[in-house]
1. Taking interchain pairs and intrachain pairs at least six residues apart, which have beta carbon atoms under 8 angstrom, with the first residue in the range 196-215 and touching a residue at least 60 places away in the same chain (Cβ under 8 Å) and the second surrounded by fewer than 18 Cβ atoms within 10 Å (Cβ to Cβ) and in a helix (DSSP H, G or I)?
2. Would you be able to tell me the number of residues in the range 161-192 that are modelled with pLDDT of 95 or more and either assigned to a helix (DSSP H, G or I) or at positive phi (or both)?
3. For the range 29-43, what are the residues that are more than 16 Å from the ligand (Cβ to nearest atom) and surrounded by fewer than 24 Cβ atoms within 10 Å (Cβ to Cβ)?
4. How many of the residues in the range 117-128 are part of a helix (DSSP H, G or I) and either surrounded by fewer than 24 Cβ atoms within 10 Å (Cβ to Cβ) or in contact with a helix residue (DSSP H, G or I) (Cβ under 6 Å, 6 or more places away or on another chain) (or both)?
5. Tell me, please, whether a residue that is surrounded by 15 or more Cβ atoms within 10 Å (Cβ to Cβ) and without any contact (Cβ under 8 Å) to a residue 24 or more places away in the chain can be found in the range 55-63.
6. If I filter the range 158-189 down to residues being in contact with a strand residue (DSSP E or B) (Cβ under 6 Å, 6 or more places away or on another chain) and within 13 Å of residue 27 (Cα to Cα), which single residue comes out as nearest to the ligand (Cβ to nearest atom)?
7. Under 22 Å from the mean Cα position of the chain (by Cα) and more than 23 Å from residue 31 (Cα to Cα): does that describe residue 281?
Ligand code: PMV
C-alpha cells in the first residue's frame with residue numbers, strides 16, 4: 001500500500017555528540033530538541049512486487065551513492081521486521097532546497113520510517129517508531145514525537161527512544177534559522193560522532209550534561225526564557241569545543257557564523273532575549289520568543305554573508321498525510 005509521511009527537522013538545545021554504540025546509534029547522552037515548522041521532508045513509499053529493485057528519488061536533487069545505501073539499509077530493516085521481500089519505490093522532497101545547507105537526515109529518516117512502516121503494514125507505537133528512526137539517523141528519533149522532545153541514552157537499544165515533553169503550542173518560541181552556506185558537509189555527522197571520543201574535552205562535557213538537562217527541563221517547565229537560552233548557548237559552545245578538539249578537528253563556524261553570534265550577543269545587550277545555537281555546519285539558529293521575531297530577524301538578516309532566513313515555530317512530529325508524491 002502506498003503511504004506518505006511528513007516529518008519536521010529539529011534543532012537540539014542539548015546536543016547529541018558521540019555514540020555509545022555506533023551500529024545501534026545509541027547516543028552518549030540525552031538530548032532535548034524542538035521540531036521546526038518550516039523545514040520538513042515528505043516521503044511516499046510503496047512496497048510492491050512490481051518493482052524489480054528499490055527505486056529511490058529525491059525531488060529537486062540527487063542522492064549520493066552513500067545516501068542511497070543508507071536508505072536501502074533502512075528499507076531492509078523494515079522489510080525484515082515486516083517479513084516482506086518486495087522492493088520499494090521511494091519518492092521524497094524537502095520543504096527547503098538541498099542547497100540551503102540544512103541537514104535533512106533527521107526529517108528524511110523520520111518521514112521514511114513512518115511512511116515505510118505504514119506501507120509495509122507494520123503496526124508501530126510512537127516509541128517503536130523513534131527507535132527505528134534512530135537506526136537510520138540518530139537525531140531522526142527526535143523528529144517523530146510532537147513539539148519539544150527528549151531522546152534518552154540507554155544501556156539497551158530498546159530503551160533509547162524519544163518522547164514529547166510538551167506539544168508545539170506550549171511555548172510561542174521561534175527558531176530564526178540563518179542560512180550562511182549552502183555547501184555540503186565535508187565530514188558526515190556519522191563520521192564526526194565516531195571521533196568524539198578522541199577529544200580530551202569529552203569527559204567534562206559528559207559530566208556536565210545531567211545538570212544541563214535538569215536546568216533546561218526546569219526552565220521549560222517554568223517558561224523561564226533567560227534560563228532556557230543560557231543553557232542552550234552553553235551546550236552549543238561546549239559541543240563545538242569538543243568537535244574542535246577531536247582528531248581530526250572539526251571547525252564548523254565560519255566568519256559569518258561568528259558575526260551572527262556576535263549580533264545575537266549585541267541584541268541581548270539591547271534588551272532582546274535572543275540566544276543562538278549551531279549544529280554540525282555553519283548555519284545559526286537564533287532562538288527567541290514570538291514577540292521578538294521581527295526585531296531579531298531584521299538584525300540578523302542584515303549581517304553580511306547571510307543567504308536567507310527561515311522562520312520556524314515549534315511543530316508537530318511525523319504524521320501520515322494523504323497527498324502522495326507519485
Ligand atoms: O543525527 P546526526 O548524525 O545528524 O547528528 C546530529 C548532531 C547535531 O546536529 C550536531 C546535534 C543534535 O543533537 O542534533
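The values are calculated or read from the model by the stated rules, or taken from the named source; none is laboratory data. All of these numbers come straight from a predicted model, not from anything done at the bench. Positions of Cβ are generated from backbone atoms using ideal geometry, with glycine treated the same way; all protein chains shown enter the neighbour counts.
1. So the pair list comes out as 205/241; 212/234.
2. As a first pass, look at the range 161-192 and keep what is modelled with pLDDT of 95 or more: 161-178.
Now narrow it down to the ones that are either assigned to a helix (DSSP H, G or I) or at positive phi (or both): 168-170.
Result for the range 161-192: 3.
3. Step one: of the range 29-43, the residues more than 16 Å from the ligand (Cβ to nearest atom) are 37-38, 42-43.
Once the filter is applied, which keeps residues that are more than 16 Å from the ligand (Cβ to nearest atom) and surrounded by fewer than 24 Cβ atoms within 10 Å (Cβ to Cβ), the range 29-43 yields 37, 38, 42.
4. Adding up the residues that qualify gives 5.
5. Yes.
6. In this case the residue turns out to be 162.
7. no
One line per residue, one yes/no per condition, for (1) assigned to a helix (DSSP H, G or I); (2) at pLDDT 95 or above; (3) over 18 Å from residue 165 (Cβ atoms):
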| site | (1), (2), (3) |
| --- | --- |
| 8 | no, yes, no |
| 17 | no, yes, yes |
| 46 | no, yes, yes |
| 52 | no, yes, yes |
| 71 | yes, yes, yes |
